[in-house]
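Shown below is the structure under consideration.
The values are calculated or read from the model by the stated rules, or taken from the named source; none is laboratory data. Keep in mind that this is a model prediction, so the values were computed, not measured. Cβ sites come from the backbone with ideal geometry, for glycine too, and all protein chains shown count toward neighbours.
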Amino acid sequence: MLKATVLLLAFLQLCFSEPLTLSPENFDSVIDGSKNVFVKFYAPWCGHCKAMIPAYEEVSQAFAKESSVVIADLDADQHKDLAGRFGVSGFPTLKFFKKGSKTPTDYNGGREADSIIEFINKEAGTKVKVSKPTTAVTVLTTDNFNSVVKDSSKNVFVEFYAPWCGHCKRLAPTWEKLAGIFKNEKNVEIASLDADNYKDLAAEYGVSGFPTLIYYPQNNKEGDRYNGGRELADLLLYVNTQAGTQRLENGRYDATVGRYGALDELAKKFMTSSGDRESIITQAEKAATDLGEENASWYAKFMKVILKKGDDWVGLEKTRVDGLLDGGSISGDKVDEFTVRKNILEAF
């Protein structure tokens, strides 16, 4: 029965990629010399243990499909006698039980996932690599904080978080979406700092609770604390308002980007004119030059194409642009460019 339980626990670890939870009931069955076992002895109240949770989950994820290695943990505060067998007195304590032995080796290296994985690979003869998820969020450290946050060309929105903080974990996917929305916006940066790891830097900005959100506009690098809602719509509205941007939740520009009232009037006049359209094109070119905005030049460009291909071209081009935007064949700056084209076509 006990063996079946151990096998079930190992199966669950593989499915969910979480560390295998050890207890007096299964400890000796798991650490029986048949596998390489890396164990974290922790206490639930230990701040360093909490800070290590994301990295340790990353290690477990990395070895999830490696049958010769088990990544496990033991609540040493709850199971003091068991932890005492191995001389555990501080937290977290990390030990490696090599295959063929029930006597552990102490691990005293870095607590980052990379360092632990490198150690296990060396000891167990495995070749596991860290699978880093892609992120649009700029990860801040002491090395890059000033160069990113104090860049006068950028409006930087920073989340100060702690890896063990429940509210931070709930905000994480929303923060990632927000970063994705603004990834093509050259003057906006969505960033995060592990304030538990960089306490001095967080303290410099008065951060004492998590998550703390501070917006650093181009003209105020002391920062403005954000106390609004944490739903995506709330955060998006705030950044758009503060940075003067016009992004939607899908990351695209809203329908007003690229549109100019005077040029809209010329577009309408052009489409209804049965006379000298050339003079309207000249007016549109002059208006675009006076505005000094790159997107304004599309009005005259479209007028010239219509003059050559006929009024029906507008509908055909709208359909083509919609297909490009919705088909996923373009990305990044091209999405922005074609969204502007679509917006301007609506004026004709």
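Filter the range 290-320 down to residues that are among the aliphatic types (A, V, I, L, M) and surrounded by fewer than 18 Cβ atoms within 10 Å (Cβ to Cβ) and give me whichever is farthest from L345 (Cα to Cα).
Checked the range 290-320; the qualifying residue farthest from L345 (Cα to Cα) is L291.
Among the listed residues Y253, Y226, which satisfies the condition of being hydroxyl-bearing (S, T, Y) and touching a strand residue (DSSP E or B) at 6+ places or on another chain (Cβ under 6 Å)?
Within the list Y253, Y226, the selection yields Y226.
Let me ask another. For the range 203-253, name all the residues that are touching a Gly at 6+ places or on another chain (Cβ under 7 Å) and of a type in the set (V, I, T).
Residue satisfying the conditions is I214 alone.
When you look at N240, is it within 30 Å of N220 (Cα to Cα) and without any contact (Cβ under 8 Å) to a residue 24 or more places away in the chain, yes or no?
Spelling it out, N240 is indeed within 30 Å of N220 (Cα to Cα) and without any contact (Cβ under 8 Å) to a residue 24 or more places away in the chain.
So, in the range 321-348, of the ones that are more than 25 Å from A267 (Cα to Cα) and not acidic (D, E), which residue ends up surrounded by the most Cβ atoms within 10 Å (Cβ to Cβ)?
I330
What is the one condition in (1) among the aliphatic types (A, V, I, L, M); (2) assigned by the TED database to the domain that holds F145; (3) under 30 Å from A347 (Cβ atoms) that A255 does not satisfy?
It is condition (2) that A255 fails.
In the set P92, P44, which member is over 16 Å from E123 (Cβ atoms) and surrounded by fewer than 18 Cβ atoms within 10 Å (Cβ to Cβ)?
Going through P92, P44 in turn, the sole match is P44.
Give me the pairs: first residue in the range 142-164 and over 17 Å from L178 (Cα atoms), second residue among the aromatic types (F, W, Y) and part of a loop (DSSP other than H, G, I, E, B), beta-carbon distance under 9 Å, and six or more apart or on different chains, which are they?
Note: pairs meeting the criteria are T142/Y198; F145/Y198; A162/F210; W164/F210.
Also: Among the residues of the range 11-25, write down those that are in a loop (DSSP other than H, G, I, E, B) and either modelled with pLDDT of 80 or more or of a type in the set (A, V, I, L, M, F, W, C) (or both).
E18, P19, S23, P24, E25
Further, regarding this structure: Looking only at helices (runs of 4 or more DSSP H) that fall completely inside the range 124-232, which ones have 3 or more residues that are of a type in the set (K, R) and surrounded by fewer than 20 Cβ atoms within 10 Å (Cβ to Cβ)?
Qualifying helices (runs of 4 or more DSSP H): 166-181.
Give the number of residues within the range 123-169 that are more than 21 Å from A203 (Cα to Cα), at pLDDT 90 or above and basic (K, R).
Qualifying residue count, the range 123-169: 2.
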